[in-house]
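A short write-up of the structure that comes next.
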Amino acid sequence: MKILVPVKRAVDYNVKIRVKPDGSGVDLANVKMSMNPFDEIAVEEALCLKESGKATEVILVSIGPAQATETIRSGLSMGADRGILIKVEQPVEPLAVAKLLKAVALAEEPLLIILGKQAIDDDCNQTGQMLAALLGWGQGTFASKVAVGEGHVEVTREVDGGLQTVSLNLPAVVTTDLRLNEPRYASLPNIMKAKKKTILEKTPADFGVDIAPRLKVLKTVAPPTRKAGTKLASAAELVARLKDEAGVI
Amino acid sequence: MAVLLLAEVSNGKLNEATAKALTAAKALDEPVHVLVAGERLEAAALTATSLDGIEKVLVADDPVYAHQLAEPLAALLVQLAGNYSAILAAATSTGKNVMPRVAALLDVMQISEIIKVVAPDTFERPIYAGNAIETVRSTDAKKIITVRTAAFPATGGGGSVPVEKIAAGAAPEVSSFKDETLAKSERPELASARVVISGGRGMQNADNFKTLIEPIADKLGAAMGASRAAVDAGYAPNDWQVGQTGKVVAPDLYIAVGISGAIQHLAGMKDSKVIVAINKDEEAPIFQIADYGLVGDLFAIMPALNEELAKLGR
């Protein structure tokens with residue numbers, strides 16, 4: 001069974017982003033970019049399934065600028081087999097991403113697609129669900145455990161009240177939550193091997209997908225800031241302040 | 001046209017997230033219908049009919065919706081979509097799971113986690129863990145929206161509107177429910193509690209949550225939360241996680257205990273009215289946003305805090 005893992009090049013999770021003063025967006029010049037952390041978890045899960053003999057091939061696909069090649073390459077260094085880059089210069093919304101991924105899925109015929117549950121830049125949390133909808137497949141979102149069986153996959157999901165387990169017919173879409181696994185670091189030999197792995201370049205036009213945005217971003221501003229308050233000396237003082245000054249207890 | 005709000009049902013009851021999302025739905029300036037889907041819904045449907053300012057409640061009571069699986073629920077919403085200019089849901093784990101599926105089936109780009117309705121087609125939403133706020137205008141004829149409930153007050157009750165029963169739609173047979181482990185707690189729900197006390201890595205183990213945080217939570221009627229580090233380490237269950245990808249809360253009082261304040265955690269609580277930080281590291285980023293800070297050993301401070309609250313008769 002083939003597994004398809006979409007990976008996104010996103011701002012590194014340690015970066016404190018700055019909003020441009022003119023309201024035109026977030027300043028990403030010279031900012032460290034990495035693979036979206038949830039996507040790393042998706043790559044790891046696919047590799048574990050391959051190592052346990054459940055999967056035969058792990059294919060990465062990224063939709064983004066030329067530099068997204070680096071993102072794919074880092075996944076190949078973890079152990080994935082090959083990559084596909086769908087090259088676009090402008091930002092692409094989750095709906096268009098899902099349409100492109102559907103086209104890739106129809107061409108590659110994976111039995112499982114594993115994606116991060118959300119990208120830490122736009123925080124949309126949509127692509128996996130949309131992809132499952134467009135393919136007519138079942139979806140196991142926010143996964144903390146994935147067990148592949150014969151013709152189906154059981155996915156344990158992190159939900160508001162606890163955990164829920166669903167069974168999905170294969171092919172299916174799974175989106176990863178934080179506690180599914182801990183992604184491995186790429187070893188030096190694997191980094192060397194990854195340099196020889198193929199990355200196929202495509203464009204949205206190759207798939208006949210319209211990627212024109214549906215949402216128009218009117219402005220982007222920094223959120224209201226909070227000021228640091230007062231450091232207090234004791235628990236007694238804290239209780240007094242919460243009671244008399246803040247009135248919250 | 002009207003707008004449709006998907007109600008959040010948990011354990012057969014209407015979750016308060018519904019009344020909060022309703023406040024956003026009403027801001028679209030059209031009549032609001034509330035869809036309650038699930039199984040054995042009498043209680044939830046009754047509560048929904050009392051929500052102030054809605055036109056009617058649709059009830060889809062069928063085992064196929066019992067566990068709020070995305071596939072049948074999305075199919076039902078798509079079947080109803082023709083009558084509505086917008087479909088909304090609270091950005092709960094159910095809303096987040098179902099609504100993008102609906103959006104894609106309708107060829108609509110969803111607007112996720114809105115925090116403000118600027119106009120019926122224009123919304124504010126946080127990006128980059130809340131470190132930027134984007135104003136977006138949707139060009140889709142139909143709007144599919146999830147609502148960040150922490151950003152909206154709850155609509156009150158007191159109304160009484162009719163119920164319209166609707167038949168279950170065809171459900172795609174691609175998924176089935178296996179089981180669930182839901183935490184049972186007498187405490188207020190994390191997402192809607194007036195007071196939240198969260199512990200971080202500094203708590204050191206699960207027992208310390210019980211012995212140091214729980215008594216204070218009991219006294220304050222607080223919900224208990226945790227940072228990602230504490231959940232990853234197994235000190236607290238996953239549904240306690242507050243942050244960018246966990247729950248987003250905005251209580252009147254948020255007490256962060258042994259939490260350093262990574263941006264991903266701050267994203268989940270920085271809109272709280274009053275923030276208290278208790279941490280031994282005075283350089284911890286949490287102090288930059290806390291109204292009140294106590295620098296010191298939480299193992300000494302928490303028992304002292306418990307005693308002080310006891311003196312108040314709590």
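The values are calculated or read from the model by the stated rules, or taken from the named source; none is laboratory data. None of the values given here were measured: they were computed from a predicted structure. Ideal geometry is used to build each Cβ from the backbone, glycine not excepted, and the neighbour counts take in all protein chains shown. Remember, those area values only see protein heavy atoms, side chains included, never the ligands or the DNA or RNA. Shrake-Rupley method; radii C 1.70, N 1.55, O 1.52, S 1.80 Å.
Below is a table of values for the structure above.
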{"quantity": "Hits in the range B:225-242 - residues which are free of Cβ contacts under 8 Å to residues at least 40 places away in the same chain, facing chain A (nearest Cβ under 10 Å) and of a type outside the set (S, T, N, Q)", "calculated": "B:R228, B:V231, B:D232, B:G234"}
{"quantity": "The one condition in (1) in a loop (DSSP other than H, G, I, E, B); (2) open to solvent by less than 30 Å² (accessible area, probe 1.4 Å) that B:R40 fails to fulfil", "calculated": "(2)"}
{"quantity": "Filter pass, B:K184 being more than 28 Å from B:L46 (Cβ to Cβ) and free of Cβ contacts under 8 Å to residues at least 12 places away in the same chain", "calculated": "no"}
{"quantity": "Residue list for the range B:127-150, restricted to those being facing chain A (nearest Cβ under 8 Å), closer than 27 Å to B:I289 by Cα and hydroxyl-bearing (S, T, Y)", "calculated": "B:Y128, B:T135"}
{"quantity": "Residues of the range A:113-171 that turn out to be surrounded by 20 or more Cβ atoms within 10 Å (Cβ to Cβ), over 11 Å from the mean Cα position of the chain (by Cα), more than 7 Å from chain B (Cβ to nearest Cβ) and assigned to a loop (DSSP other than H, G, I, E, B), as a count", "calculated": "1"}
{"quantity": "Top-ranked residue in the range A:98-112 [being open to solvent by 30 Å² or more (accessible area, probe 1.4 Å) and within 14 Å of another protein chain (Cβ to nearest Cβ); ranked as nearest to A:L135 (Cα to Cα)]", "calculated": "A:K102"}
{"quantity": "Of all residues making up the range B:243-255, the number that are within 15 Å of A:F142 (Cα to Cα) and not in a loop (DSSP other than H, G, I, E, B)", "calculated": "1"}
{"quantity": "Only listed residue being modelled with pLDDT of 95 or more and in a strand (DSSP E or B), chosen from B:L4, B:L73, B:L46", "calculated": "B:L4"}
{"quantity": "Given (1) away from every other protein chain (no Cβ under 11 Å); (2) part of a strand (DSSP E or B); (3) open to solvent by 30 Å² or more (accessible area, probe 1.4 Å), index of the condition B:E124 fails", "calculated": "(1)"}
{"quantity": "Matching residues, the range B:200-231, being in a strand (DSSP E or B) and more than 18 Å from A:G162 (Cα to Cα)", "calculated": "none"}
{"quantity": "Cross-chain or 6+ apart pairs with Cβ under 9 Å, the range B:100-118 first and at positive phi and outside any loop (DSSP other than H, G, I, E, B), then at pLDDT 95 or above and not hydrophobic (A, V, I, L, M, F, W, C)", "calculated": "B:E113/A:D123; B:E113/A:N125; B:E113/B:K96; B:E113/B:R125; B:E113/B:P126; B:E113/B:T146; B:E113/B:R148"}
{"quantity": "Residues of the range B:243-255 satisfying the condition of being facing another protein chain (nearest Cβ under 10 Å) and either within 18 Å of B:T92 (Cα to Cα) or among the aliphatic types (A, V, I, L, M) (or both)", "calculated": "B:G243, B:Q244, B:T245, B:G246, B:K247, B:P251, B:L253, B:I255"}
{"quantity": "Contacts under 6 angstrom Cβ, first residue in the range A:72-89 being at positive phi, partner part of a helix (DSSP H, G or I) and surrounded by 22 or more Cβ atoms within 10 Å (Cβ to Cβ), 6 or more apart", "calculated": "A:G79/A:L47"}
{"quantity": "Candidates B:A70, B:A90 - the one that is crowded, with 24+ Cβ neighbours inside 10 Å, under 19 Å from the mean Cα position of the chain (by Cα), within 14 Å of chain A (Cβ to nearest Cβ) and more than 30 Å from A:I17 (Cβ to Cβ)", "calculated": "B:A70"}
{"quantity": "Strands (runs of 3 or more DSSP E) completely within the range A:1-80 that count 3 or more residues being open to solvent by less than 30 Å² (accessible area, probe 1.4 Å)", "calculated": "A:2-6, A:57-64"}
{"quantity": "Some residue of the range B:192-207 being at the interface with chain A (Cβ under 10 Å from one of its Cβ atoms), within 20 Å of the chain's Cα centre (by Cα) and under 17 Å from B:N238 (Cα atoms)", "calculated": "no"}
{"quantity": "Pairs with Cβ under 6 Å, 6+ apart, first in the range A:204-220 and assigned to a loop (DSSP other than H, G, I, E, B), second crowded, with 17+ Cβ neighbours inside 10 Å", "calculated": "A:V209/A:K99; A:V209/A:L100; A:I211/A:V92; A:I211/A:A96; A:I211/A:P204; A:P213/A:E93; A:R214/B:M109; A:R214/B:D140"}
{"quantity": "Residues within the range B:256-314 that are more than 7 Å from chain A (Cβ to nearest Cβ), small (G, A, S) and not in a loop (DSSP other than H, G, I, E, B), tallied", "calculated": "4"}
{"quantity": "Every pair of residues 6+ apart whose Cβ atoms lie under 7 Å, when the first sits in the range A:2-29 and is on the phi > 0 side of the Ramachandran plot while the second is of a type in the set (S, T, N, Q) and surrounded by 15 or more Cβ atoms within 10 Å (Cβ to Cβ)", "calculated": "A:G23/A:T220; A:G25/A:T220"}
{"quantity": "The range B:252-282, residues that are of a type in the set (K, R) and either touching a residue at least 60 places away in the same chain (Cβ under 8 Å) or closer than 18 Å to B:Y235 by Cα (or both)", "calculated": "B:K270, B:K280"}
{"quantity": "Filter result for the condition that a residue is out of contact with any Asp or Glu (no Cβ under 8 Å at 6 or more places or on another chain), within 30 Å of A:K219 (Cβ to Cβ) and surrounded by fewer than 21 Cβ atoms within 10 Å (Cβ to Cβ), over B:K219, B:K142", "calculated": "B:K142"}
